[in-house]
Amino acid sequence: MDVHNVDLTISAVEEKQYPKTNYPEIALVGRSNVGKSSLTNTLINRKSLAHTSGQPGKTQTLNFYNVEDQLFFVDVPGYGYAKASKASREKWGKMIETYLSQREQLRGVITLVDGRHAPSDDDISMREWLKYYEIDILTVATKMDKIVPGKWNKQESLIRKTLSMSQDDALVLFSSVSKKGKDQVWDWIEGRL
Ligand code: GDP
């Protein structure tokens, strides 16, 4: 998609604030600092529309970005954040779960994992949870520019194995520095609109 216009429509803290439009929605989830803002900015050709996080895990809103009046990117705050209080974590967990399991406009979820390491226990739980709800998943391994190309295959195998992915499950190796994988991510998104 050739993207020129993107606006943050709403940073929602509760369901009644979600957009009333029927545009398809693609959610992005991952641990704080995994590179979610950087991926979003790469996809929409911006340097800084989606804030790259200064304080990981502090944002507790669902951010709906209107892309060309055709779809919403829904930025789901990073899981595994330590700073928020237990009470706000529990409240927040419920809001995410309800959104991801019940939102009719949701067409798929992009889950980000740090391409340099084996996926974490949180990454594994998130994937299992999304599978349980039969949500369409694209896994994006970020920061691949930090790994030499000769090790990409090995890293892909490690990620697939740790997340119990089959060869048919969608995985894109991505870098916001080199833009590697950008077109593949867009292809997956457009296949869901
Ligand atoms: P978020 O918390 O998931 O939104 O993560 P950010 O997009 O803010 O990125 C966290 C840090 O990782 C920042 O310092 C980014 O510059 C860096 N980063 C993100 N993506 C990449 C990437 O593809 N390559 C490299 N080298 N650094 C990245």
Cβ-based exposure ranking for H117, H4, in which fewest neighbours within 10 Å come first | H4, H117
Under 5 Å, built H, 5+ apart or other chain: amide partners of G30 = Y79, L112
List the longest stretch of the chain that has no exposed loop site; here a site is one of the GluC sites (Glu not before Pro) assigned by DSSP to anything other than H, G, I, E or B, with at most 15 other Cβ within 10 Å.
-> 135-193
Please list the non-local residues whose amide H lies under 5 Å from the amide H of V172, H modeled 1.01 Å from N, same-chain partners needing a gap of 5 or more.
-> T139, V140, A141
Report relative contact order for the stretch 6-190 in percent, whole number only (criteria: Cα-Cα under 8 Å, sequence separation at least 6).
-> 23 percent
Fewest Cβ neighbours within 10 Å first, please rank S175, S32, S166 accordingly.
-> S166, S32, S175
Whole-Hz Karplus ³J(HN,Hα) for the stretch 160-176, in order, using 6.51 cos²θ - 1.76 cosθ + 1.60 and θ = phi - 60°, x for Gly and Pro?
-> 4, 5, 5, 8, 6, 8, 8, 5, 7, 6, 6, 9, 10, 8, 10, 9, 7
Residue-ordered couplings for the stretch 33-38, obtained by feeding phi - 60° into the Karplus form 6.51 cos²θ - 1.76 cosθ + 1.60 and rounding to whole Hz (Gly and Pro as x), are 6, 6, x, 5, 4, 5
Based on the Cα gyration tensor of the stretch 6-190, what are the three equivalent ellipsoid semi-axes, each the root of five times an eigenvalue, rounded to whole Å and given largest first?
-> 24, 19, 17
Find how many whole Å separate the alpha carbon centroid of the stretch 1-32 from the alpha carbon centroid of the stretch 155-193.
-> 21 Å
According to a simple spin-label model (label point 7 Å from Cα along Cα-to-Cβ), what is the distance in nm between K179 and K154?
-> 3.0 nm
Could you run the Karplus curve 6.51 cos²θ - 1.76 cosθ + 1.60 with θ = phi - 60° over the stretch 144-158 and give me ³J(HN,Hα) per residue in whole Hz, x for Gly and Pro?
-> 5, 5, 8, 10, 5, x, x, 10, 4, 4, 4, 5, 4, 4, 4
What is the dipole size for the stretch 6-190, taken about its Cα centre, with +1 at each Lys and Arg Cβ and -1 at each Asp and Glu Cβ, in debye to the nearest 20?
-> 840 debye
Per residue of the chain, what 222 nm ellipticity follows from adding -39500 (n - 2.57) for every DSSP H run with n ≥ 4, rounded to the nearest 500?
-> -9000 deg cm²/dmol
So, with points 7 Å from each Cα along the Cβ direction, the E68-Q17 label distance in nm works out to 2.8 nm
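Coordinate-derived values only; no laboratory data. Source: prediction; values computed, not measured. Neighbour counts are summed over all protein chains in view; Cβ atoms, including those assigned to glycine, are modelled from backbone coordinates with ideal geometry.
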